[in-house]
Amino acid sequence: MAKVVDAVEIRPRVFYRTIQIGPVFFEEPPADDDVVEIPGDGLRLNSSDNDFYPLVRLEVWDGPASRPSEDWDYERDFRASSSGHVSVVDLGGVAYGMIQVPSGTYVLRLLCRGREHLVATLALDPFPPEGPHEDPLEFWLLQMWPAG
């Protein structure tokens, strides 16, 4: 049974509806997806809102990851290469929550729920928020394991 090797949870502030994760490298970038874009050396996740703090969890597994049983609004698998680490990167280029990912080719499973939440201006008090609220409005999970 596969085990989690490394994991981190980050509550980044979303600007311009963008969450960036990287570096990961794609031989052939996935197309036709309005939730994920592949610009350069990472994933750009298109959040459903702006100016709030979703929960982003990054996991590295030693084999095929167990899919969490929660209901998910979005799920997609990718194949990509890692150069030694992955983190959430803000639009200013600052990295948060770095995890070690040995160099190699990986299967990436991206899951999301909560994209249909109320607009943050209605859901959060005060707005814009000064920091993460107790319950995140949106939850992203990226699971990575070595490609067979």
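The values are calculated or read from the model by the stated rules, or taken from the named source; none is laboratory data. Here the structure is a predicted model, which means the values were calculated and not measured. Neighbour counts run over all protein chains shown; Cβ positions are idealised from the backbone, glycine included.
Taking region 134-148, which residues are surrounded by fewer than 19 Cβ atoms within 10 Å (Cβ to Cβ) and either more than 21 Å from Ser47 (Cβ to Cβ) or at pLDDT 90 or above (or both)?
Answer for region 134-148, where residues must be surrounded by fewer than 19 Cβ atoms within 10 Å (Cβ to Cβ) and either more than 21 Å from Ser47 (Cβ to Cβ) or at pLDDT 90 or above (or both): Pro146, Ala147, Gly148.
Being among the hydrophobic types (A, V, I, L, M, F, W, C) and in contact with a Leu (Cβ under 9 Å, 6 or more places away or on another chain) is the filter; apply it to region 37-54 and report the residue that is nearest to Pro12 (Cα to Cα).
Here the answer is Phe52.
Name the residue, out of Asp62, Asp33, that is touching a strand residue (DSSP E or B) at 6+ places or on another chain (Cβ under 9 Å), over 15 Å from Glu138 (Cα atoms) and modelled with pLDDT under 85.
Asp33
Among the numbered criteria (1) at negative phi; (2) touching a helix residue (DSSP H, G or I) at 6+ places or on another chain (Cβ under 9 Å), which single criterion is violated by Tyr74?
Every listed condition holds for Tyr74 apart from (2).
Which residue is nearest to the chain's Cα centre (by Cα), if the candidates are limited to region 14-27 and must be surrounded by fewer than 19 Cβ atoms within 10 Å (Cβ to Cβ) and not in a loop (DSSP other than H, G, I, E, B)?
Checked region 14-27; the qualifying residue nearest to the chain's Cα centre (by Cα) is Thr18.
Between residues in region 88-104 that are under 16 Å from Arg57 (Cβ atoms) and touching a residue at least 60 places away in the same chain (Cβ under 8 Å) and residues that are surrounded by 11 or more Cβ atoms within 10 Å (Cβ to Cβ) and of a type in the set (Phe, Trp, Tyr), which pairs lie under 8 Å by C-beta distance while being six or more apart or on different chains?
Val88/Tyr96; Val89/Tyr96
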